[in-house]
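Please find one structure pasted underneath; my questions will follow.
Values quoted throughout were computed directly from the atomic coordinates according to the rules given, and no laboratory measurement underlies them. Values in this document were obtained by computation on a predicted structure and should not be read as measured data. Neighbour counts are summed over all protein chains in view; Cβ atoms, including those assigned to glycine, are modelled from backbone coordinates with ideal geometry.
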């Protein structure tokens, strides 16, 4: 893990880390965290919490991702529409068959090029190709797979992609709490930290034996 430097911050690292964890893990606003800390005798403004999250959130998320085990080779891909700053965007997401969030990409298009961008990012980040990919019936996926020469089994059956569709629910809750994302870049940054935190506290069945 890459060590974090908290120099020139008057609050101890434990409080800073706790604020970042609260915002990334739970459906809370910066003002909610300000009030929670005030109840415990810690006077921190919501703007300070926001700055801490922007500064330390990505670094903490990167350390969390390095400590994760290798995910399953069965991937589920899906996309949802979100209005960002009044414009239509698509949140492309990938999870494995046990709910581990693999990656996501905020894009303005819902076509073969956008699906190809997601797959290229996934293959580069994960370092291996899947043996099975599950999607909905969007025609962009087969075109992207053919372009990349992906030989994985492609499942497009009815309700086969419920795993990916259910994984959108936490993002929808955060979107409502934040009254929408303000820009594509801010959405990408926040969802990156959120995904790493979600995976850390998500229970994966394939890592636990039946007795446990």
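Looking at the chain, send over the antiparallel percent of its DSSP beta bridges, to the nearest 5. If you can, show how the numbers build up before the last one.
On the way: 16 of 22 bridges.
Looking only at bridges with both residues in the chain, the antiparallel portion is about 75 percent.
Also, I was wondering about something else. Let a ≥ b ≥ c be the square roots of the eigenvalues of the Cα gyration tensor of the range 13-66; is it rounded (a/c under 1.5), or, if not, prolate (a/b larger than b/c) or oblate? Please report the intermediate quantities before stating the final value.
Working: a/c = 2.02, a/b = 1.90, b/c = 1.06.
Cα axes put the range 13-66 in the prolate bin.
Right, here's the next one. Rank by packing, highest mean first: peptides 63-71, 193-201, with packing defined as the count of other Cβ atoms within 10 Å averaged across residues.
Values: 63-71: 13.1, 193-201: 19.1.
Ranked from most to least packed, the peptides come out as 193-201, 63-71.
Between residue 45 and residue 31, what length in nm is gained on full extension when 0.36 nm per residue of separation is reduced by their alpha carbon distance?
Details: separation 14, 0.36 × 14 = 5.04 nm, distance 0.78 nm.
That pair, residue 45 and residue 31, stretches by 4.3 nm at full extension.
Add -39500 (n - 2.57) for each DSSP H run of 4 or more in the chain, then divide by its residues: what number comes out at 222 nm, to the nearest 500 deg cm²/dmol?
Working: 8 runs with 99 residues, N = 212.
Calculated at 222 nm, the ellipticity per residue is -14500 deg cm²/dmol.
To the nearest 10 degrees, how steep is helix 184-200 against the longest Cα principal axis of the chain, on a 0 to 90 scale?
90 degrees
Sticking with this one: Highest first, please rank the peptides 6-12, 18-24, 51-57 by the mean number of other Cβ atoms sitting within 10 Å of their residues. Before the final figure, lay out each step's value.
Working: 6-12: 10.0, 18-24: 20.9, 51-57: 18.3.
For the peptides 6-12, 18-24, 51-57, the packing ranking is 18-24, 51-57, 6-12.
Averaging sequence separations of C-alpha pairs under 8 Å and six or more residues apart, then dividing by the length of the chain, give the relative contact order as a whole percent. Working shown, then result.
Working: 272 pairs, mean separation 48.0, N = 212.
Reported as a whole number, the value is 23 percent.
Once both axes come from the Cα atoms, what is the angle between helix 13-25 and the longest principal axis of the chain, in degrees from 0 to 90, rounded to 10?
Between the helix axis and the principal axis of the chain, the angle is about 40 degrees.
To continue, here is another question. Provide the FRET efficiency to the nearest 0.05 for the residue 169-residue 7 pair, computing r from the beta carbons and using R0 = 35 Å.
On the way: r = 39 Å, r/R0 = 1.11.
Step by step, r from the Cβ atoms, then E = 0.35.
Where does each of 36, 119, 81 land when they are ranked from fewest to most other beta-carbon atoms within 10 angstrom? Mind dumping the intermediate values first?
On the way: 36 17, 119 25, 81 9.
Result, fewest neighbours first: 81, 36, 119.
Also, I was wondering about something else. Calculate how steeply helix 46-66 sits against the longest principal axis of the alpha-carbon atoms of the chain, using the helix alpha-carbon long axis, and give the answer as 0 to 90 degrees to the nearest 10.
Between helix and principal axis, roughly 50 degrees.
Starting with the fewest neighbours, write out 135, 48 ranked by other beta-carbon atoms found within 10 Å of each beta-carbon. Before the final figure, lay out the partial values.
Working: 135 23, 48 18.
With the sparsest Cβ surroundings first, the list reads 48, 135.
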